[in-house]
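The values are calculated or read from the model by the stated rules, or taken from the named source; none is laboratory data. Quantities reported herein were computed from a predicted structural model and do not represent experimental measurements. Quick reminder, even Gly has a Cβ in these numbers, built from the backbone with ideal geometry, and neighbours come from all protein chains shown. Calculation scope for accessible area: heavy atoms of the full protein, side chains included, ligands and nucleic acids excluded. Shrake-Rupley method; radii C 1.70, N 1.55, O 1.52, S 1.80 Å.
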Amino acid sequence: LTSPWWRGSSGINAEYGGTYPKPYVSLIHGITMGGGVGLSLHGKYRVATERTLYAMPETAIGYFPDVGGSYFLSRLEQPYGMFLGLTGYRIKGADLKHLGIATHYTEMEKLPALKSAIMASTEDTIEEVLASHESPIPGPFTLGPQVDLIKHCFSAPSVLDIFSRLEEAGSDFAVKLLKTLRRMSPRSLVVTHKLLSEGGNFSYKECFAREFVAAAEIYRSGEFIEGVRALLVDKDNCPAWKPGTVEEVTQEMVDRYFVPSGRQWKPL
């Protein structure tokens, strides 16, 4: 966690992303995951296109939605943040606008003109510029038919309760989600649930400080290393999570992710 990359990535987000006094515009075009989310979603203006593909898939590699994920996901209309943070579900551009993650939606063919207009704009005219380059959102919210299920299941007070509600729901979508969640690191799921459940009670920089403490324990536990090995290095897709089930994750294990062990977050 003392590496230039970790401190640089999270440091830039923590110091400038959500608190930078001058508004900045994020053009969320193409794959936007992990660190790319941190660099873009804390901006005041966030423009998605039909090529945008957003996700926070960290629980699949034994990690959690960092780069301020505990801040912005906990502030979405709930429980969409919990749903996205736990499952790593992939969302396209139009749905980002429906969810409020994107503030504007623009067809990709308009991007060159939009970029030029942004460069020529001022703080007083930027909103007018963005509005004048917006495109109609193509179609309804694709998760619309699943809204009731998502709200019922992912508002549950624990990961185990989410599992139970998905099992009880029994629909094809619920079964698919449950299968996805059971592939994730059990420890990461529980830690993520706690971070997102409590994130709304903390400030922007406080969320980064909590994520720093959690990340230190993630590295010590070996979960992240095992997740990267299984999904990105050996690509056997068979991570040996410890413990292997959510039922085996103890309160003592979880508490270690929220108690500083000598190292404190130091802003850039």
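Determine if region 99-110 includes at least one residue that is small (Gly, Ala, Ser) and either in contact with a strand residue (DSSP E or B) (Cβ under 7 Å, 6 or more places away or on another chain) or open to solvent by less than 20 Å² (accessible area, probe 1.4 Å) (or both).
yes
Exactly one condition in (1) touching a strand residue (DSSP E or B) at 6+ places or on another chain (Cβ under 8 Å); (2) under 22 Å from ALA174 (Cα atoms); (3) open to solvent by less than 20 Å² (accessible area, probe 1.4 Å) is false for TYR89; which is it?
Among (1) touching a strand residue (DSSP E or B) at 6+ places or on another chain (Cβ under 8 Å); (2) under 22 Å from ALA174 (Cα atoms); (3) open to solvent by less than 20 Å² (accessible area, probe 1.4 Å), the lone unmet condition for TYR89 is (3).
Only one of SER116, SER121 is assigned to a helix (DSSP H, G or I), of a type in the set (S, T, N, Q) and either modelled with pLDDT of 95 or more or surrounded by 11 or more Cβ atoms within 10 Å (Cβ to Cβ) (or both). Can you tell me which?
After applying the criteria, what remains is SER116.
Is there any pair linking a residue in region 219-241 that is without any contact (Cβ under 8 Å) to a residue 60 or more places away in the chain and farther than 22 Å from MET253 by Cα to one that is surrounded by 15 or more Cβ atoms within 10 Å (Cβ to Cβ) and small (Gly, Ala, Ser), with Cβ under 7 Å and at least six apart or on different chains, and which?
Sorted first by the residue in region 219-241, then by its partner, the pairs are ASP236/ALA230; ASN237/ALA230; CYS238/ALA230.
Quick one: what pairs do we get from region 165-194, first residue more than 12 Å from VAL249 (Cβ to Cβ) and open to solvent by 20 Å² or more (accessible area, probe 1.4 Å), second in a loop (DSSP other than H, G, I, E, B) and small (Gly, Ala, Ser), C-beta under 9 Å, 6+ apart or different chains?
ARG165/SER155; ARG165/ALA156; THR180/GLY88
Name the residue, out of TYR63, TYR54, TYR71, that is assigned to a strand (DSSP E or B) and buried (at least 18 other Cβ atoms within 10 Å of the Cβ).
TYR54
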